[in-house]
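Some notes on the structure that comes next.
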Amino acid sequence: MRSGMSPGMPARPGADAKTVGMADRPKRAGPPADGGREGTGTAVLTRTRTRKPNLYRVLLLNDDYTPMEFVVHVLERFFNKDRAEATRIMMHVHQNGVGECGVFTYEVAETKVTLVMDLARKHMHPLQCVMEKK
Ligand code: TYC
């Protein structure tokens with residue numbers, strides 16, 4: 001046989017020419033991708049992978065000057081706390097130096113930190129709000 005030829009190939013190119021279609025494509029090795037269910041009417045549910053988002057704690061830090069009522073207001077306005085819960089968190093920060101306002105995805109946490117810091121700056125309070133990866 002001539003070099004570059006394989007068994008079954010016509011010796012003269014085009015001698016047995018025919019249109020090459022999908023049926024002529026090389027068959028995959030191994031079992032069919034549908035497990036041989038094609039045309040059987042059997043539905044297959046495949047698991048779609050989901051990924052847990054990275055979560056971030058938003059924290060308030062204590063200082064000696066920000067009024068307690070302002071901190072309570074911040075917790076009500078930006079963290080959807082009722083007055084009792086906001087007061088509890090504010091007092092926790094006041095007594096322990098730091099406290100959690102909530103846990104959020106990155107962009108939400110970042111937005112809350114910015115909103116709190118902007119309001120504190122506008123009122124000239126030294127309140128600090130930060131985020132940390134859980
Ligand atoms: N320590 C402040 C005060 O005595 C109150 C305060 C609480 C400030 C929480 C900041 O994150 C804070 N006025």
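Taking amide H as placed 1.01 Å from N in the peptide plane, the amide H of Val98 sits under 5 Å from that of Asn62, each at least 5 places away or on another chain.
With each label modelled as a point 7 angstrom along the Cα→C-beta vector, the Glu110-Asn96 pair spans 2.8 nm.
Classify the stretch 72-112: rounded, prolate or oblate, from the alpha-carbon gyration tensor (a ≥ b ≥ c, eigenvalue square roots; a/c under 1.5 rounded; otherwise prolate if a/b is larger than b/c)? Note, shape of the stretch 72-112 comes out oblate. Using 0.36 nm per residue and subtracting the Cα-Cα separation, the extra length available between Tyr65 and Val103 on full extension is 11.1 nm. Each label point was placed 7 Å from the Cα along the Cα-to-Cβ direction; for Arg88 and His73 their separation is 2.4 nm.
Put a dot 7 Å past the Cα of His123, heading toward its Cβ, do the same for Val44, and the two dots end up 6.0 nm apart.
FYI, it's all coordinate maths here, none of it is from the lab. Note that the structure is a prediction, hence the values are computed from the model and not measured. Ideal geometry is used to build each Cβ from the backbone, glycine not excepted, and the neighbour counts take in all protein chains shown.
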